[in-house]
Each structure stands twice: as C-alpha cells, then as structure tokens.
C-alpha cells in the first residue's frame with residue numbers, strides 16, 4: 001500500500017498503534033497499516049506493533065481495523081427540530097444522559113462527533129417518544145473509525 005493522498009494523518013489519535021507488516025494479506029484493507037503508510041515526514045515517533053505480535057493467521061489478527069469509513073453525526077443543537085415541545089424536552093433529557101457532562105458539552109460545541117453506536121441509541125430514544133421521527137444533527141461526515 002502506498003501513500004494515500006486522501007488520508008488525513010492529523011485525525012490519527014496520538015496513541016494509535018500502527019502496523020508495518022508488509023507481508024500481511026489484509027494490509028490493503030487495514031486502517032493500522034494505512035496509518036503506518038501515511039506518516040508525515042515531520043512525525044518522528046509512532047506507536048506500533050512488534051513483529052512478535054503479528055499473528056500467523058492474518059484472519060485472526062486482534063489488531064485489525066477496517067478501512068471502511070463510518071458516518072459520524074455532529075451537533076445536537078437542532079436534534080429535536082420539528083418535534084412537539086413536550087416530547088422534545090424528554091428526548092433532549094435522555095440524549096443528554098447518554099454521555100458524561102463534559103463529553104456532552106464537547107458534542108454540543110461540535111468538538112466531538114456522535115459515533116454510530118450512539119446514533120442508534122438516539123434513534124431508539126426518538127422511536128420511543130416520537131415514532132416515525134428522526135434526529136436532526138447539525139451535519140454528518142464520513143470518516144475512518146480509529
């Protein structure tokens with residue numbers, strides 16, 4: 001796998017483990033290998049897996065992460081737009097309690113996305129209070145799931 005011009009290395013978490021197993025048959029579909037191939041020249045050190053951690057059977061690699069992007073939701077300021085006010089209050093209350101206070105604040109300020117798992121939980125809250133309604137996030141992005 002060669003460098004990917006569309007890969008934004010700044011989104012790779014600081015402590016994310018990279019993989020440099022160039023013999024792995026799954027390397028072209030592994031996010032850890034993709035990160036390892038796209039390290040900018042100004043990055044001097046990274047966390048990586050020791051060759052002794054590479055499994056003999058790549059299909060059983062516990063460290064494998066797919067390069068398939070996920071849909072991330074951003075913002076909850078308009079999440080109940082179009083919902084009756086008395087239902088919106090209950091929905092916002094339940095959504096607010098999906099995270100600790102500081103995490104929720106970061107989500108409200110668009111500093112942190114809402115993961116697909118949490119999006120499903122929010123959909124369940126909407127289905128309970130307002131069947132047929134769906135959350136209205138500020139915006140959506142497609143990104144790698146580090």
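The values are calculated or read from the model by the stated rules, or taken from the named source; none is laboratory data. Fair warning: this is a prediction, and the values are worked out from it, not measured in the lab. Glycine also receives a Cβ, built like all others from the backbone with ideal geometry; neighbour counts cover every protein chain displayed.
Assuming residue 47 fulfils every condition listed in (1) closer than 16 Å to residue 13 by Cα; (2) under 18 Å from the mean Cα position of the chain (by Cα) apart from one, which condition is it? (2) is the only condition that residue 47 fails.
Residue-level analysis places residue 98 among those that are assigned by TED's automatic domain parsing to the domain that holds residue 120, without any contact (Cβ under 8 Å) to a residue 40 or more places away in the chain, part of a loop (DSSP other than H, G, I, E, B) and in contact with a helix residue (DSSP H, G or I) (Cβ under 9 Å, 6 or more places away or on another chain). In summary, residue 10 fulfils each of the numbered conditions (1) part of a helix (DSSP H, G or I); (2) exposed (fewer than 13 other Cβ atoms within 10 Å of the Cβ); (3) touching a helix residue (DSSP H, G or I) at 6+ places or on another chain (Cβ under 7 Å) with the single exception of condition (3).
Set side by side, the residues 5, 73, 58, 62 differ, and just one is modelled with pLDDT under 95 and closer than 19 Å to residue 142 by Cβ, which is 5. Summed over segment 31-61, residues that are exposed (fewer than 15 other Cβ atoms within 10 Å of the Cβ) and either in contact (Cβ under 8 Å) with a residue 12 or more places away in the chain or closer than 14 Å to residue 21 by Cα (or both) total 11. Could you list, in sequence order, the residues of segment 119-133 that are surrounded by fewer than 16 Cβ atoms within 10 Å (Cβ to Cβ) and in a helix (DSSP H, G or I)? Those that are surrounded by fewer than 16 Cβ atoms within 10 Å (Cβ to Cβ) and in a helix (DSSP H, G or I): 120, 121, 123, 124, 127, 128. Residue 25 fulfils the conditions (1) under 14 Å from residue 65 (Cα atoms); (2) surrounded by 15 or more Cβ atoms within 10 Å (Cβ to Cβ) except for a single criterion, (2).
Which members of segment 101-118 meet the condition of being over 23 Å from residue 69 (Cβ atoms) and not in a loop (DSSP other than H, G, I, E, B)? If the condition is that a residue be over 23 Å from residue 69 (Cβ atoms) and not in a loop (DSSP other than H, G, I, E, B), then 101, 102, 104, 105, 108 are the ones that fit.
Do we find a residue being out of contact with any strand residue (DSSP E or B) (no Cβ under 6 Å at 6 or more places or on another chain), closer than 25 Å to residue 142 by Cα and in a helix (DSSP H, G or I) anywhere in segment 14-22? There is no residue in segment 14-22 that is out of contact with any strand residue (DSSP E or B) (no Cβ under 6 Å at 6 or more places or on another chain), closer than 25 Å to residue 142 by Cα and in a helix (DSSP H, G or I).
Quick grid of which residues meet (1) farther than 30 Å from residue 132 by Cβ; (2) modelled with pLDDT under 95; (3) in contact with a strand residue (DSSP E or B) (Cβ under 6 Å, 6 or more places away or on another chain):
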residue: 38; (1), (2), (3): yes, no, no
residue: 48; (1), (2), (3): yes, no, yes
residue: 52; (1), (2), (3): yes, yes, no
residue: 83; (1), (2), (3): no, no, no
residue: 89; (1), (2), (3): no, no, no
residue: 99; (1), (2), (3): no, no, no
residue: 111; (1), (2), (3): yes, no, no
